[in-house]
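See structure below.
The values are calculated or read from the model by the stated rules, or taken from the named source; none is laboratory data. Computed from a prediction, not measured in an experiment: that's the story for all the values here. With ideal geometry, Cβ positions are generated from the backbone for all residues, glycine too; neighbour counts draw on all protein chains shown. Surface accessibility is based on the protein's heavy atoms, side chains included, excluding ligands, DNA and RNA. Shrake-Rupley method; radii C 1.70, N 1.55, O 1.52, S 1.80 Å.
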Amino acid sequence: MTTVEQDEPRAAVPDEQDARPIDVAQVDADTAWALEIRFDVPDRPTIDVRTLRIAGALNLLVREGLGEENPDFRALHREADGLLKIDTSALTDTQAYDHCRALARIARTFCLVYSRTRRHH
């Protein structure tokens with residue numbers, strides 16, 4: 001298992017403004033970890049740390065307002081909102097891992113759009 005360090009994990013706090021830019025490389029590393037094919041479920045503390053970082057990044061990406069005019073992307077916004085509202089403390093280890101993977105799939109899509117819009121500015 002590969003571990004990626006980050007200075008401060010970003011929590012999914014909807015009302016707090018974060019002036020730091022979104023760390024695309026960190027999102028890529030965390031989502032790659034979550035989506036990696038493995039035959040065992042990682043330990044819960046590892047899942048929780050990755051979930052916190054992915055959820056934090058996804059929350060920031062959602063607040064960027066990416067693709068809001070596109071009906072298909074609005075559906076992704078709704079899905080992201082639903083995933084970000086889930087209380088992971090009530091989940092089993094396997095459910096928490098599945099939730100982390102679901103967050104990662106959506107975060108990857110948002111991060112791709114974010115990266116593309118940043119290149120054009």
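The string of couplings for region 83-94 from the Karplus curve (6.51, -1.76, 1.60, θ = phi - 60°) is 5, 5, 8, 6, 7, 6, 5, 8, 8, 6, 4, 5 Hz, one whole number per residue in order, with x for Gly and Pro.
Extension gain for the segment Arg105 to Ile86, taken as residue separation times 0.36 nm less the Cα-Cα distance, is 5.3 nm to one decimal.
Here region 26-90 exposes an accessible surface that is 54 percent carbon and sulfur, computed with a 1.4 Å probe and the other protein chains kept in place. Taking 0.36 nm per residue of separation and subtracting the current Cα-Cα distance, fully stretching the chain between Leu35 and Asp98 would add 21.7 nm.
Which stretch or stretches of region 38-70 have amide N atoms under 20 Å from the point lying 7 Å from Arg116's Cα along the Cα→Cβ direction? Label zone hits: 58-70.
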